[in-house]
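Structure first, then comments.
The numbers here are math on the coordinates, done by the rules we state, and not lab data. On a predicted model such as this, the values are computed, not experimentally measured, just so you know. Methodologically, a virtual Cβ is constructed for each residue, glycine included, from the backbone with ideal geometry; neighbour enumeration extends over all protein chains shown.
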Amino acid sequence: MVLKTAVIGCGRIGCGFDDDPLRKIVSTHAGAYSKNPKTKLDALCDIDTNKLNMYGKKYSVTNLFTNVDELLEQVKPDLLSVCTLPDQHEEITIKAAKAGVKGIFCEKPISNNIVSAKHMIDVCEKNGVVLMIDHQRRFDPLFSSIKLALQQSLLGKIYQNTFYYTAGIYNTGTHMIDLMRYFFGDIEWVIGIHSSAKSSNTDDPNIDGLLKFKNGMLSSIHALDVKDYLVFEEDVLGSKGRLRILNNGSEVEYHTIIDSKNFSGYTELQETHLPFELPKEREYMMEGINHLVSCVENGIKPVSSGHDGLNALEALIALVKSADDESKKVYLPLE
């Protein structure tokens, strides 16, 4: 059975990123739905009628709406992507869950506050609706391979993790926090510092900080100005080696331990071949839609659930709270 789908919000992640000629893979919800053999893109919704008409033509979609209620009533989609601003996620998700939508693919962060995020999760669970958050690196087979390698103690005991990011703690930082949770588990406490590399968005500050994970590992995060350059890099150091995620997540380096060539009685790190094969294809948006379909059809729990989105949001809010309060330590979960 082909599932009917709709996208609410025709901005960058909803429809626009695929207009970029430098992007080599499908990077939008609309593009992924339109190319998946198990889904049909039936409707688009946006308050900007120019975008709505432009992407309606691009994807051959005639069901175009400026009103969410009308879309849900007239189209009755099986799957719905919520690609609006975070403060609109709760209202749309609740309406969709109560209208009979089977699966909701919500953009990150899950919401702009914890109460609304919990409400979204609760209503979806009560109505048997799959709620999946677009922390899309969870759908990337490369990061799945890294997670498995870490679980199998490729690096031994993990001591330190360092992360560099740009473009705001809520915008890009949510991917960073979620990826660290994906690799290392729950966070115990955070300390935040307002970065000297200021964000251009006053509502989304750049935060440096320190995170203590419940497994004992420490991670430092460092913000940079996206106007200078784009960066999303992670450096993991353990007792048996080192793993570096570079070039905005497109490259991976693995370093193992060798006897020092320069100092007797010491060992050093040296780059060597990866202990796992790099995936040939990394269509993570397409994989995300595949996963959502599988969750709906087979009753599978999503790899990026509403609870995962909530946990990431709590850490983000805690980092900003700490930074605003003279970098005091804030424990998770938040009360």
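Hey, got the dipole for the range 232-335? About the Cα centre, +1 on K and R Cβ, -1 on D and E Cβ, debye to the nearest 20? Can you show the working numbers first?
Values: 10 positive and 19 negative charges, 53 e Å.
Computed about the Cα centre, the dipole is about 260 debye.
What spacing in nm lies between the two simple spin-label points modelled at K58 and Q74, each 7 Å away from Cα in the Cβ direction?
Spacing of the two 7 Å Cα→Cβ label points: 2.2 nm.
If each of E335 and A197 carries a label point 7 Å out from its Cα toward its Cβ, how far apart are those two points in nm?
3.5
How high is the relative contact order of the chain, given as a whole-number percent (alpha carbon pairs under 8 Å, six or more residues apart)? Before the final figure, lay out each step's value.
Working: 704 pairs, mean separation 59.1, N = 335.
Over the chain, the number comes to 18 percent.
Report, ordered by chain and residue number, the aspartates and glutamates lying within cross-link reach of K261, taken as a straight Cα distance under 17 Å and ignoring same-chain residues fewer than 8 apart.
E271
What is the list of residues in the range 231-247 whose amide nitrogen lies under 18 Å from a point 7 angstrom out from the Cα of I258, following Cα to Cβ?
Backbone N within reach: 240-244.
Tell me the label only: which of (1) 20.8, 75; (2) 21.7, 77; (3) 19.8, 59 is Rg and Dmax of the Cα atoms in Å as calculated from this structure?
Answer by label: (1).
Would you please give the residues with an amide H less than 5 Å from that of L3, counting only those at least 5 places away or on a separate chain, with H modeled from the backbone geometry?
T39, K40
How would you order 307-315, 16-24 from highest to lowest mean count of nearby Cβ atoms within 10 Å? Walk me through the intermediate numbers first.
Numbers: 307-315: 22.8, 16-24: 12.6.
With the highest mean Cβ count within 10 Å placed first, the list reads 307-315, 16-24.
Select from L3, T93, A197 the residue farthest towards the positive end of the dipole of the chain; place +1 on Cβ of Lys and Arg, -1 on Cβ of Asp and Glu, and compute about the Cα centre.
The Cα lying farthest towards the positive end belongs to L3.
When only Cα pairs under 8 Å and 6 or more residues apart are kept, what is the percent relative contact order across the range 3-133?
Normalised by residue count, the contact order of the range 3-133 is 23 percent.
With the dipole of the chain worked out from charges on the C-beta (+1 for Lys and Arg, -1 for Asp and Glu) around the Cα centre, which of Y229, A323, T162 lies farthest toward the positive end?
T162
Could you compute the FRET efficiency for Y159 and I47, with r as their C-beta to C-beta distance and R0 at 51 Å, rounded to 0.05? If you can, show how the numbers build up before the last one.
Details: r = 49 Å, r/R0 = 0.96.
Result of the calculation: an efficiency of 0.55.
In whole Hz, with x marking every Gly and Pro, tabulate ³J(HN,Hα) for the range 97-114 from phi via Karplus 6.51 cos²θ - 1.76 cosθ + 1.60, θ = phi - 60°.
Residue by residue, the range 97-114 yields 4, 7, 8, x, 5, 8, x, 10, 9, 9, 5, 8, x, 3, 7, 9, 7, 5 Hz.
What ³J(HN,Hα) values, in whole Hz, does the Karplus curve 6.51 cos²θ - 1.76 cosθ + 1.60 give for the range 167-174 when θ = phi - 60°, with x put for Gly and Pro?
6, x, 5, 7, 6, 9, x, 5
With unit charges on the beta carbon (Lys/Arg positive, Asp/Glu negative), name the residue among L64, S116, S34 whose Cα is farthest towards the positive pole of the charge dipole of the range 3-133.
S34
As a check on your grasp of the helix formula, calculate [θ] at 222 nm for the chain: sum -39500 (n - 2.57) over DSSP H runs of n ≥ 4, divide by the residue count, round to the nearest 500.
Calculated from helices alone, the mean residue ellipticity at 222 nm is -9500 deg cm²/dmol.
Taking θ = phi - 60°, what integer Hz values does the Karplus form 6.51 cos²θ - 1.76 cosθ + 1.60 yield along the range 245-252, in sequence order, with x for Gly and Pro?
9, 10, 6, 6, x, 8, 10, 9
Filter the cross-link list K35/K58; K157/K214; K4/K38; K102/K126; K38/K118; K58/K102 down to pairs whose alpha-carbon distance in this structure exceeds 19 Å. Provide the component values of the computation, followed by the final result.
On the way: K35/K58 13 Å; K157/K214 14 Å; K4/K38 9 Å; K102/K126 12 Å; K38/K118 30 Å; K58/K102 26 Å.
Listed pairs above 19 Å: K38/K118; K58/K102.
Can you list the residues, at least 5 places off or on another chain, whose amide H is less than 5 Å from the amide H of L131, using H built in the peptide plane?
Residues meeting the criterion, in which the H sits 1.01 Å from N, are I104, G306.
Starting with the highest mean, order 74-80, 213-219, 111-117 by the number of other Cβ atoms within 10 Å, averaged over the residues of each peptide. It would help to have the intermediate numbers written out before the result.
On the way: 74-80: 21.9, 213-219: 16.0, 111-117: 18.1.
Descending packing order for the listed peptides: 74-80, 111-117, 213-219.
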